[in-house]
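Accompanying notes for the structure given below.
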Amino acid sequence: MSLGSFKEELTYFHQFGEKTRCFTKEFDGVLLPYYVNEFWTAKQRAAHPLHEVSYRACFKPQLPRFFIERLSKPGDTIYDPFMGRGTTLLEAALLDRAVVGCDVNPLAPILCGPRLFPPTVEEVDTRLEKISLEGIVREEKEELNTFYHPKTLTQMRALQAYWEDKGEAQDAVDRWIRMVATNRLTGHSAGFFSVYTLPPNQATSLRAQEKINAKRGQVPPVRDVKAIIQKKTKSLLRKLSAEQIRTLRKRGRGAKLITASADETEELASDSIDLIVTSPPFLDVIDYQGDNWLRCWFNGIKVNEVPISNFRKPEIWQEAMQQVLLELTRVLKGGGHIAFEVGEVKKGKILLEELIIPAGIAVGLRPEFVLVNEQEFTKTANCWGVDNLGKGTNTNRVVVFSKN
Ligand SMILES: C[S@@+](CC[C@H](N)C(=O)[O-])C[C@H]1O[C@@H](n2cnc3c(N)ncnc32)[C@H](O)[C@@H]1O
């Protein structure tokens, strides 16, 4: 779809009953159109269950799909420089596009990669049968017992030992099991390895968990780690067709997932990407390190050594994003597009697109328009990690740029 047709579609869009509100704002002498509406449904059921792996500040699959469908065609290469759990990559692969992803957090490929090679439920069951989760239960009290019963910890450690022993010989089924287990570490139901705690994308500190345990009068129960992995596997795979499995594997084989800072991606060739759909860290809204310490521990990653960007001042954030946009301009093909999703932070006092648009112009990108997706606040909107309950709405603000 040409940008002209895209803008026309946005102008006359009314799929969810409301008409689009259109207005312009001036940036460096350029009048930029804004389109405000509910452009995609917030309903979780509208997305593929394979996405249902929690991650702090993930976006809904409907967001990348909206841009991938309109700004690329099958076979094009789609890139997300801040891939997180890999929402853009998975959606792009399901739409038969080639995929490239980058994140400074080594957990990102652990969460995304295995879902590009989904095994069958039977393969997972057979593998789990072969892995022994027996072990000597450590009786002495240790800090992780704040979250886990010693017998649960024994099973988790047996899994860690299994991956360590297998090393490079791990296959797609092993990596799938690891991805699912990483997602079952902590949560607020019996579907997780831990006692009741924060939602699965936020690990609380040991001290805070001690307080939760005392307040609720709870002690960690014994969990059946294999059964929990089996149940979540079934749920993730429940709507995958044979055709989708073939497409995912095809795109998985060609996928490039790198662990790097988005402004230094020498591994990626210049002029190689057709479309970028991404969402960067928003100032210091989210503590990625604090939220991921247990997932990092489980996967043998030293959380303090992961240089996740955390920006306190808007001007520092803008400067860092300008460096990223410069690198994105290098890897993007001429005529390619970037859909850059930013949020409103500090209770809407800072609209991050107003910082991103000048940064894009400074590196030679052409801003095309801003799409603001408004949707009624739903429980799943919590995955933004921004408390906007009071406002009753949850907005995505997406700046679309082109490279000449
Ligand atoms: C808003 S999240 C993106 C979430 C993603 N859209 C998803 O659906 O899962 C931002 C991501 O940027 C990553 N990140 C932070 N600083 C980075 C940097 N300098 N380079 C690359 N990734 C970075 C974080 O680890 C986090 O995964």
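Observations on the model:
- Distance from the alpha carbon centroid of region 225-301 to that of region 113-163 works out to 21 angstrom.
- Interchain or long-range residues, amide H under 5 Å from G336's placed H: K403
- Among L236, L351, L248: highest mean-square fluctuation, GNM of the chain, C-alpha pairs under 10 Å: L351
- Surface accessible to a 1.4 Å probe, R238 within the full protein complex, Å²: 130
- Accessible heavy-atom area order of V222, V363, highest first, probe of 1.4 Å: V222, V363
- Residues whose amide H lies under 5 Å from that of D76, counting only those 5 or more places away or on a different chain, are A98; hydrogens are built 1.01 Å from N in the peptide plane.
- Convex hull volume of region 168-241 per residue (C-alpha atoms, cubic angstrom): 111
- In degrees, nearest ten, helix 242-253 long axis to first principal axis of the chain (Cα): 80
- Listed residue pairs exceeding 30 Å between alpha carbons, taken from K60/K151; K166/K302; K166/K215; K166/K232: K60/K151; K166/K215
- For region 212-313, the Cβ-based charge dipole about the Cα centre amounts to some 1080 debye (Lys, Arg positive; Asp, Glu negative; other atoms uncharged).
- K215 versus E266: modelled label distance in nm, points set 7 Å from Cα along the beta carbon direction: 4.9
- Choice from E18, E142, E38 showing the highest fluctuation, given a GNM over the chain with Cα pairs closer than 10 Å: E142
- Ranked from largest to smallest solvent-accessible area, with a 1.4 Å probe on the protein heavy atoms, H14, H48 come out as H14, H48.
- When Rg and Dmax are taken over the Cα atoms of region 92-154, they come to 17.9, 52 Å.
- For region 279-354, Kirkwood radius (reciprocal of mean inverse C-alpha pair distance, Å): 14.4
- Taking all protein chains together, R138, R249 sort by accessible area into R138, R249, largest first [probe 1.4 Å].
- A Gaussian network model of the chain, with springs between Cα atoms under 10 Å, assigns the largest mean-square fluctuation among V121, V137, V104 to V137.
- When the chain is reduced to its Cα atoms, the Kirkwood hydrodynamic radius in Å: 22.2
- In the complete set of protein chains, residue-level accessible area for M321 is approximately 0 Å², probe 1.4 angstrom.
- Pairs from K43/K346; K333/K403; K43/K239 whose Cα-Cα separation, in the structure shown, is over 18 Å: K43/K346
- Spin-label model distance (nm) - A362 vs K349, 7 Å beyond Cα toward Cβ: 2.3
- Computed about the Cα centre, the dipole magnitude for the chain is approximately 1220 debye when only Lys and Arg (+1) and Asp and Glu (-1) carry charge, each at its Cβ.
- Normalised alpha carbon radius of gyration of region 27-115 [divisor 2.2 N^0.38 Å]: 1.19
- In the context of the full set of protein chains, the chain has a per residue accessible area of 44 Å² (1.4 Å probe).
- Carbon plus sulfur fraction of accessible area for the chain, probe 1.4 Å, in percent: 51
- DSSP-defined antiparallel bridges as percent of all bridges, the chain, nearest 5: 55
- Reach of K347 by Cα under 12 Å, taken over aspartates and glutamates that are not fewer than 8 positions away in the same chain: D387
- Principal axis dimensions, largest first and in whole angstrom, of region 121-236 by Cα: 42, 31, 21
- Per-residue SASA remark: E243, around 110 Å² accessible (1.4 Å probe; ligands, DNA and RNA not included).
- Full-extension gain in nm, K166 to E142, via 0.36 nm per residue minus C-alpha separation: 5.9 nm
- With a Förster radius of 22 Å applied to the beta-carbon distance between E243 and E69, the computed FRET efficiency rounds to 0.80.
The values are calculated or read from the model by the stated rules, or taken from the named source; none is laboratory data. Note that the structure is predicted; figures quoted are calculated from it, not measured. With ideal geometry, Cβ positions are generated from the backbone for all residues, glycine too; neighbour counts draw on all protein chains shown. Ligands, DNA and RNA are excluded from the accessible area calculation, which covers all protein heavy atoms including side chains. Shrake-Rupley method; radii C 1.70, N 1.55, O 1.52, S 1.80 Å.
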